[in-house]
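The values are calculated or read from the model by the stated rules, or taken from the named source; none is laboratory data. Every value quoted in this text rests on a predicted model; they were computed, and no experiment measured them. So basically every Cβ, Gly included, is an ideal-geometry build from the backbone, and we count neighbours across all protein chains shown.
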Amino acid sequence: ATTDSGVKVIVRMRPLRKDKDEGDPIVQKISGDSLSINGRTFTFDSVADVEATQLDIFEHVGVPLVENCLAGFNSSVFAYGQTGSGKTYTMWGPANSLAEENVAKEQQGLTPRVFERLFARIKEEQTKHSDQQLNYQCNCSFLE
């Protein structure tokens, strides 16, 4: 797996809410790495449009993050945005997912998927290198 220790800026566009009249969208995805807001173009490392699933975000953000951790790098995810813009949904899943154990797999956010993948990959590496005594130390912190 390729590791990359650089900072990446990834934008996830939230769909318009059906329960609120938000008017016409002012944000348009132009390409895989740029979008337009009121006619001004902005470029990022990647832009995930309104069709992006939780799995898409995990594969694009979470999988490389886990592989970087296994390669010995520290990794972080910094979700930034206005209230109601989808940060909690992207990071955890639906609003009730923190209190419920049986959240549908496709609804799970980045955090539970990253931990599931991280510990599965650690187990995989330990099995693959069973002749060696591999030890992993995982530290994690959250701030909201």
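Yes/no matrix, rows are residues, columns are (1) of a type outside the set (Phe, Trp, Tyr); (2) out of contact with any Gly (no Cβ under 8 Å at 6 or more places or on another chain); (3) within 29 Å of Gln126 (Cα to Cα); (4) surrounded by 12 or more Cβ atoms within 10 Å (Cβ to Cβ):
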| residue | (1), (2), (3), (4) |
| --- | --- |
| Val9 | yes, yes, no, yes |
| Asp24 | yes, yes, no, no |
| Phe42 | no, yes, no, yes |
| Val50 | yes, yes, no, yes |
| Leu55 | yes, yes, yes, yes |
| Gly86 | yes, yes, no, yes |
| Ser97 | yes, no, no, yes |
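I'm trying to understand the selection: among the residues of segment 94-112, which are part of a helix (DSSP H, G or I), more than 11 Å from the chain's Cα centre (by Cα) and free of Cβ contacts under 8 Å to residues at least 24 places away in the same chain? Steps first, answer last, please.
Of all residues in segment 94-112, those part of a helix (DSSP H, G or I) come to 95-98, 105-107, 110-112.
Still in the running and more than 11 Å from the chain's Cα centre (by Cα): 95-98, 105-107.
Ala95, Asn96, Ser97, Leu98, Lys105 - these are the residues of segment 94-112 that are part of a helix (DSSP H, G or I), more than 11 Å from the chain's Cα centre (by Cα) and free of Cβ contacts under 8 Å to residues at least 24 places away in the same chain.
In the list Leu70, Leu143, which residue meets the criterion of being in contact (Cβ under 8 Å) with a residue 40 or more places away in the chain and more than 14 Å from the chain's Cα centre (by Cα)?
Of Leu70, Leu143, the one residue that is in contact (Cβ under 8 Å) with a residue 40 or more places away in the chain and more than 14 Å from the chain's Cα centre (by Cα) is Leu70.
For segment 121-134, which residues satisfy the criterion of being modelled with pLDDT of 85 or more, exposed (fewer than 10 other Cβ atoms within 10 Å of the Cβ) and part of a loop (DSSP other than H, G, I, E, B)? First the steps, then the outcome.
Keep residues of segment 121-134 that are modelled with pLDDT of 85 or more, which gives 121-132.
Applying the additional criterion that residues be exposed (fewer than 10 other Cβ atoms within 10 Å of the Cβ) yields 127, 130-132.
Within segment 121-134, Ser130, Asp131, Gln132 meet the criteria.
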